[in-house]
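Report on one structure; see the data block that follows.
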Amino acid sequence: MQRRVVIVGTGHAAAQLASSLRQQDWQGEILLVGEEPHAPYQRPPLSKSYLAGERKADSIQIRPAAAYASHGVDLLTGRRVVSIDRVAKVVALNDGQQLSYDKLALCTGARARHASIPGVESPGVFYLRTLADVDGIRAIISPGKSAVIIGGGYIGLEAAAVLRGLGMAVTLLELEARVLSRVCASEVSAFYAGVHCEEGVDIHTGVEVLSIENGDGIRVVVCDDGSRFPADLIIIGVGVIPNVELAEACGLATDNGILVDEFARTSDPDIVAAGDCTNHPNELLGRRVRLESVPNAVEQAKTAAGTLCDRPVPYQSYPWFWSDQYDLKLQIAGLSEGYDQVVLRGGKDRQRGFVAWYLRGGRLLAADCINRPKEFMVARQLLARGLAVDPVSLADETIDPKNWLS
């Protein structure tokens, strides 16, 4: 009988894993099981070009649906895995079907963190994580209407930029003292807050949302300082939670994600995991980390495929991310957590582009590159190669960034 891999999930990691298995000569069956009714699609455009109406659903598919069949991948959409029997090596689906497996891959991703706000279930209130979420939001979007966004992270700011571009009045509410407070330095936060204010976004920081009132089709967001914001549309973006429940229920080790080793192996030798749901060791960072990014999902899936095909190659990579807002492309290399120094390269207000270098003890940790692609590419190489750079040099715009690599 043919060996079978069952992949749970239909996100970036799952799609890449299925493709990489064939590329690495897996000869058996591949079953891809996903809860959403769609073939795997890209999530980053949801808060950008797809929300703006610039792209259609089929244009954000990772691969055309027909490509899975042509590569011998059975795509089971609209199905949910409800349990895993590791002894019998069987997964049970919500429709009662049972699928046996020789190897299992958990690419369960993450889900939007739900806010505990009275009235949050009212019509017109959305999270922004799936195609269905964005389709619901787009049905309300119209020039002149008002939107309230709860959460000043990347998703909230990206959505604010799109809605302003579509002619909506936008108010953004953030509990912390500044936007992007968990992910970047105050200089970067201030820059983005300033840009959004210039574009007409009404930003309120240090405010807690107490409730959402809904009467006669009119929604009002009520805050702890007594302010009230009427809204035709409310978007909540307060982070995500890794989907680890299946793993926990079948006894796999978890801790802020499904615990895997550098080869994407879980505590069960016949089960791998990849993507947003995993917590993996990163030798370059010197610690375990759970990442929410497409590059991580793709590269870790390639490692998982190699492991399943008995061609193990450890996954070791510095993380990188991006965010598009208005005419600004933010590219992030590394993780800034734990920095004790920020060095700026370029004027924050000149040409809407600069770099914030993050260091700890004089060693480079990360770089936020705003409309600075050259510095971003060099930053990734500096981090990967462990090269030291004088902080004074990092700030000097007369120095070609490529010189740091030599």
Given the rule -39500 (n - 2.57) for each run of at least 4 DSSP H residues, summed and divided by the residues of the chain, what is its mean residue ellipticity at 222 nm, to the nearest 500 deg cm²/dmol? -6500 deg cm²/dmol
Residues whose built amide H sits under 5 Å from the amide H of S83, excluding neighbours closer than 5 in sequence, are A92
Please give me the summed charge of the neighbours of E248: other residues whose Cβ is under 14 Å from its Cβ, Lys and Arg +1, Asp and Glu -1. -2
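For the chain, what is the accessible area per residue in Å² when the probe is 1.4 Å?
Numbers: 17620 Å² over 406 residues.
Accessible area per residue, the chain: 43 Å².
First compute the accessible area of segment 335-406 with a 1.4 Å probe, then give the percent of it belonging to carbon and sulfur atoms. Don't skip to the end; give the middle numbers.
Values: 1810 of 3670 Å².
C and S fraction of accessible area: 49 percent.
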A correct Karplus calculation of ³J(HN,Hα) over segment 142-154, with 6.51 cos²θ - 1.76 cosθ + 1.60, θ = phi - 60°, whole Hz and x for Gly and Pro, returns 6, x, x, 6, 10, 10, 10, 10, 9, x, x, x, 4
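Give me the net charge for the shell around L210: Cβ to Cβ below 12 angstrom, other residues only, Lys and Arg +1, Asp and Glu -1. Mind showing how you got there, number by number?
On the way: positive: R228; negative: E208, E213, D224, D225.
Local net charge: -3.
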In whole percent, the fraction of accessible protein surface over segment 186-235 that belongs to carbon or sulfur atoms, probe radius 1.4 Å, stands at 45
So how far, in whole Å, is the C-alpha centre of segment 271-314 from the one of segment 128-192? 30
Once fully extended, how much extra length lies between Q98 and S406, figured as 0.36 nm per residue of separation less the alpha-carbon to alpha-carbon distance? 105.2 nm
If you put +1 on each Lys and Arg Cβ and -1 on each Asp and Glu Cβ, how big is the dipole of the chain around its Cα centre, in Debye rounded to 20? 900
Just to be sure I understand the curve: with the Debye formula and one point per C-alpha of the chain, what is log10 I(q)/I(0) at q = 0.08, 0.13, 0.14, 0.15 Å⁻¹? -0.48, -1.18, -1.29, -1.38
What are the ³J(HN,Hα) values, in whole Hz, obtained from phi via the Karplus relation 6.51 cos²θ - 1.76 cosθ + 1.60 with θ = phi - 60°, for each residue of segment 116-123 in sequence order, with x given for Gly and Pro? 8, 10, x, x, 5, 8, 5, x
Of all accessible heavy-atom area on segment 293-334, the percent that carbon and sulfur account for (1.4 Å): 56
Taking a straight Cα-to-Cα line shorter than 29 Å from K56, and setting aside same-chain lysines fewer than 8 residues away, one finds K48, K145, K302, K329
Taking Cα centroids, how far is segment 1-59 from segment 218-238 in Å? 35
Give the accessible area for D396 in Å² (nearest 10); use a 1.4 Å probe, count only protein heavy atoms, and leave out ligands, DNA and RNA. 60
10 Å-binned pair-distance histogram of segment 1-156 (Cα, whole percent): 9, 34, 30, 18, 7, 1, 0
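The values are calculated or read from the model by the stated rules, or taken from the named source; none is laboratory data. Since the model is a prediction, treat every value here as computed from it, not as a measurement. Glycine gets a Cβ as well: all are built from the backbone with ideal geometry, and neighbour counts include every protein chain shown. We work out accessible area using only protein heavy atoms, side chains counted, and drop any ligands, DNA or RNA first. Shrake-Rupley method; radii C 1.70, N 1.55, O 1.52, S 1.80 Å.
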